[in-house]
Amino acid sequence: MFKLGLPQTIAPPENCIQIEGLSKSFGDQVLYDNFDLTLPGDKFVSIFGPNGCGKSTLINMISGLIPFDSGRISINGKPIRRSRIGYVFQNYRDSLFPWMTAFDNIAYPLQVKGMKAKECHEIVENLIKTFDIRLDLTRYPYSFSGGQQQLISILRALVADPEVLFLDEPFSALDFETTLFVRDKLQEIFMTAKLPMVMVVHNLEEAVYLADTVLLLSKRPTHLVAEVNFEAPRPRTPDTLSSPEFVQISRQCLDIFQEEMRK
Amino acid sequence: MITPAKTLPKPLGHRAALDLNLWIDRLLPLVGVILLFSVWWLIAVSGWVSPVLLPTPWATLQTLVSAVFTGTMLTSFTATVVRTFQAFVLAAVIGVPLGVALGSSERVYRSVEFLIDFFRSTPASALIPMFILFFGVSDISKVVIAAFSALLLILFNSAYGVMNAKRSRILAAKVMGANRWQVFKDVLLWESMPQTFIGLRSGISIALVIVIVAEMFIGTQQGLGKRIIDAQQILNVKDMYASILMTGLLGYSLNMLFLMFEKRVIHWSGK
């Protein structure tokens, strides 16, 4: 755990997120029916599945953004209401607050908790130093490039010492070059913060590259098809992409995915 | 400027051409003005229209300048400006908070939407006689009716600003732990601001329109509306046109003032 001056999580349990009997329908479309899932407390998990299978809906339910019909979700043994959640949205442009400077954006989760300005400032400064962020944060979000804005969103999601960080297709609004930049920075943050991360992606290679575990979901009603582990050492580099393990795991995921699509 | 021109004739020549182009571009808005004044002047001197009805632009501008510097134009101008601002402030102080409050609950807004739309569509000038009944022919009457028409515009723009707030920003605030009040003051209020400013800008424009009409109808000691109608009654057409120009200048300046203010406050708009 990186020190942020906030009360630290007391000995993270083996399993961070526990989902039991989750059901969710939109109208008469059943999305999840009695869905069970357990996610580890120190891993980078990628969620991959066909379009419309509810990948984003799943992390939105876990993070309490949308309600579910029945079932139970707990994070570190607590109901989601009482857990600290970091969430990075797909579209940084519509989730950062353009009327606040980048610094104030990052400090917002602390300010919401009623923390004093001076203390907020210290924690943000500390965070910036920990992750070696070289941006002029007195500027407004719209004056940064897309990649930098997404990085600011990630910092904002991290500042309040979350128990888990959710990322909803964090690269999909970025071009190729900035995707590489944000992806490397995210890996760096994961290695430093040792914080469980759950990322929804729509690109299989993206899903495998950063993950310890790739969750492959089925078509609706959604269930877990396979849980594929990828154990390449970190930090992963462009070389990882051509390593036999990466190719083999990607192939395995693709096969499972294609077989699932034929059903 | 000349010395480098000898050593570096080409780049400077090129830059001079660019500068000239830039200047021409800046002067483009004047083309319409010159065109209007030319047509006006042609009609005035051609004899198609009696000079009693249409003085030349030059004579009108002379009247305007002398009325501003030696006459009573500034008194009329100030009276109208004061009324317009009184009406505007009254409307804004009630309209913005009420609009934001109505907008934060869509169901509440829907329940009063018809009323707002109905009175927004009713020409405010149609209500002048009613306001005279209640407030008499005093100054209050003119200010209140102008405020009323500006109020509806401001209110519904603020309400829509809140209702059209980006959902993802509200969700972002919620997931960061903001409660309802924090979402309101940290997100909804700010999200509504671009739209609120549109309401304020249209509000002051309509306030000016109604103040001018009310000055003509209800009568007053001073004011541009009163001045225009009086000048017309005694066929002092030069002063009438000068006062009309003055009113136009006032309306235009108010709009520009608000646009500039808006650009500074809502720095993130369109970005």
Using a 10 angstrom cutoff on alpha carbons, build the Gaussian network for chain B and name the most mobile of B:Ile94, B:Ile229, B:Ile34. B:Ile34
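Suppose only helical runs count, i.e. DSSP H with n ≥ 4. What mean residue ellipticity at 222 nm does that imply for the protein assembly as shown under -39500 (n - 2.57) per run, divided by all residues and rounded to the nearest 500 deg cm²/dmol? Working shown, then result.
Numbers: 20 runs with 314 residues, N = 534.
-19500 deg cm²/dmol, from helical runs alone.
Counting only protein heavy atoms and rolling a 1.4 Å probe, how much accessible area do B and A lose on contact, total for both sides, in Å² to 100? Write down the numbers at each step before the final one.
Numbers: alone 16630 and 12710 Å², together 27490 Å².
Chains B and A together bury roughly 1900 Å² of accessible area.
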Whole-number accessible area per residue in Å² for segment B:132-263, which is evaluated in the context of all protein chains at 1.4 Å: 47
Would you tell me the mean number of C-beta atoms belonging to other protein chains that fall within 10 Å of each C-beta in A:88-96, as a whole number? 4
Measuring from label point to label point, each 7 Å out along Cα→Cβ, what is the B:Ile43 to A:Gln252 span in nm? 8.5
Amide H within-cut-off set for A:His223, under 5 Å, with H built and near neighbours excluded: A:Ser218
Charge dipole of segment A:179-262 about the Cα centre (unit charges at C-beta), most positive-ward option of A:Leu217, A:Ser243, A:Met191: A:Leu217
Whole Å is fine, so just give me how far the alpha carbon centre of segment A:167-246 lies from that of segment B:101-155. 57
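Within 10 Å of each Cβ in B:185-194, how many Cβ atoms from other chains are there, averaged over the peptide?
Going residue by residue through B:185-194 and averaging, the value is 2.
Show A:Lys55, A:Lys43 ordered by accessible area, largest first, where the area counts protein heavy atoms only and the probe is 1.4 Å. It would help to have the intermediate numbers written out before the result.
On the way: A:Lys55 15, A:Lys43 75 Å².
Largest accessible area first, the residues go A:Lys43, A:Lys55.
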Karplus (6.51, -1.76, 1.60) ³J(HN,Hα), θ = phi - 60°, over segment B:51-59, in Hz, Gly and Pro reported as x: x, 5, 8, 9, x, 6, x, 4, 4
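Subtract the Cα-Cα distance of B:Val112 and B:Phe261 from 0.36 nm times their separation in residues, and report this length gain in nm to one decimal. Please report the intermediate quantities before stating the final value.
Numbers: separation 149, 0.36 × 149 = 53.64 nm, distance 3.07 nm.
My answer for the length gained is 50.6 nm.
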Residue by residue through segment A:115-129, what is 3J(HN,Hα) from phi via Karplus (6.51 cos²θ - 1.76 cosθ + 1.60, θ = phi - 60°)? Round to whole Hz and write x for glycine and proline. 6, 6, 3, 5, 5, 3, 4, 4, 5, 5, 4, 4, 4, 4, 5
Work out which residues of segment A:29-65 lose at minimum 50 square angstrom of accessible surface when the other protein chains are put back, relative to the chain isolated, with a 1.4 angstrom probe, and list them by number. A:Leu65
If you count, for each residue, the other Cβ atoms within 10 Å and average over each peptide, how do A:199-206, B:141-148 line up from highest to lowest? B:141-148, A:199-206
Only loop residues by DSSP count here, and only those with at most 10 other Cβ atoms within 10 Å; note down the GluC sites (Glu not before Pro) in segment A:207-262 that meet that. A:Glu231
Accessible-area composition of segment A:152-201, carbon plus sulfur, in percent [1.4 Å probe]: 59
Using a 10 Å cut-off on Cβ to Cβ distances, tally the other chain neighbours for every residue of A:139-146 and report the average as a whole number. 2
Spelling it out for A:Phe35: with amide H atoms placed in the peptide plane at 1.01 Å from N, the residues 5 or more places away or on another chain with amide H under 5 Å from its amide H are A:Gly21, A:Leu22, A:Ser23
To the nearest 10 square angstrom, how much accessible area does A:Thr38 have with a 1.4 angstrom probe? 60
Going by amide H atoms built from the backbone, whose H comes under 5 Å of the H on A:Val88, apart from near neighbours? A:Phe166, A:Leu167, A:Asp168
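Taking 35 Å as R0, compute the FRET efficiency from the Cβ-Cβ separation of A:Asn126 and A:Arg262 and round it to 0.05. Let's see the in-between values first.
Numbers: r = 51 Å, r/R0 = 1.46.
With R0 = 35 Å, the Cβ-Cβ based efficiency is 0.10.
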Between B:Ser125 and A:Ser23, what FRET efficiency follows from the Cβ-Cβ distance if R0 is 56 Å, with the result rounded to 0.05? 0.40
Send over a whole-number figure in Å² for the accessible area per residue of chain A, probe 1.4 Å. 45
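The values are calculated or read from the model by the stated rules, or taken from the named source; none is laboratory data. Computed from a prediction, not measured in an experiment: that's the story for all the values here. As a convention, Cβ positions derive from the backbone with ideal geometry for all residues, glycine included, and neighbour counts pool all protein chains shown. Protein only, heavy atoms only, side chains kept; ligands, DNA and RNA dropped before computing areas. Shrake-Rupley method; radii C 1.70, N 1.55, O 1.52, S 1.80 Å.
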